Amino acid sequence: MRDKEQQFERLFHAEYGRMYRAAHILLGDADEAKDAVQEVFARLWDGSVVLREESQRTFLLTCVRNHCLNLIAQRQRHREAEKQLSLSDPSSDTDLWQGKSDDELATMVRQYIDERLTPQTARIIRMRYDDEQSYKDISGQLGISLSAVNKHIVQGLRKIRHHLSNRKA
């Protein structure tokens, strides 16, 4: 076991800098880049990723690149969700988010989803935004069409937006 630890440590020291630089270029943030590289090494350590000796460097760079691209896609999905849930009142300069913490807003949204949306719509909203599944994945798992998934998401987000905008203090 000790030999495995030593090999892992040598690999970590040999490749970390290169992987970090690649992650930093892609993510533009030092802390996120460190986290991305740590995540790749954690997967390697726990055995969920198998590394062949002859292609270590290329494989590790590919893993960190893919992880970073997934993080970037996740950011875009979150921006899309925030945009769709935008609570700015176009008729006023008051931002409805003002004065509420992220936790308070998340609790309000989750409570509304659980209590007021149909079970199917609530499930689809959670699959999309909590589990970050694609429309296609949701469609396949639930055995419904892509347009049905879209309909549930659009209607659910519209109801959430309407509910929260009516809670204006």
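The values are calculated or read from the model by the stated rules, or taken from the named source; none is laboratory data. A quick note: this is a predicted structure, and the numbers were derived from the prediction, not measured. Note that we place each Cβ from the backbone using ideal geometry, even for glycine, and neighbour counts take in every protein chain shown. Accessible surface areas use protein heavy atoms only, side chains included; no ligands, DNA or RNA. Shrake-Rupley method; radii C 1.70, N 1.55, O 1.52, S 1.80 Å.
Taking into account only those residues within region 102-147 that are open to solvent by less than 50 Å² (accessible area, probe 1.4 Å) and not hydrophobic (A, V, I, L, M, F, W, C), which is nearest to Lys159 (Cα to Cα)?
Looking at residues that are open to solvent by less than 50 Å² (accessible area, probe 1.4 Å) and not hydrophobic (A, V, I, L, M, F, W, C), I get Tyr112.
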Would you check if there is a residue in region 88-99 being at pLDDT below 90, surrounded by 14 or more Cβ atoms within 10 Å (Cβ to Cβ) and under 24 Å from Asp130 (Cβ atoms)?
yes
Tell me which residues, restricted to region 22-54, are of a type in the set (Gly, Ala, Ser), out of contact with any Asp or Glu (no Cβ under 8 Å at 6 or more places or on another chain) and within 17 Å of Phe12 (Cβ to Cβ).
Ala22, Ala33, Ala36, Ala42, Gly47, Ser48
Among the residues of region 28-42, count how many are loosely packed, with under 13 Cβ neighbours inside 10 Å and either out of contact with any His (no Cβ under 8 Å at 6 or more places or on another chain) or aromatic (Phe, Trp, Tyr) (or both).
3
Can you name the condition, by its number, that Glu9 falls short on among (1) in a helix (DSSP H, G or I); (2) modelled with pLDDT under 90; (3) open to solvent by less than 60 Å² (accessible area, probe 1.4 Å)?
(3)
Here the residues within region 100-134 that are modelled with pLDDT of 90 or more, of a type in the set (Ser, Thr, Tyr) and in contact with a His (Cβ under 6 Å, 6 or more places away or on another chain) are Thr121
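With the requirement that a residue be open to solvent by 60 Å² or more (accessible area, probe 1.4 Å) and either free of Cβ contacts under 8 Å to residues at least 24 places away in the same chain or under 16 Å from Gln56 (Cα atoms) (or both), what does region 15-27 give you? Before you say what the answer is, go through the steps one by one.
Restricting attention to region 15-27, the residues satisfying the condition of being open to solvent by 60 Å² or more (accessible area, probe 1.4 Å) are 18, 21, 24-26.
Across region 15-27, the qualifying residues are Arg18, Arg21, His24, Ile25.
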If Ser48 satisfies every condition in (1) modelled with pLDDT of 85 or more; (2) assigned to a loop (DSSP other than H, G, I, E, B) but one, which is the exception?
(1)
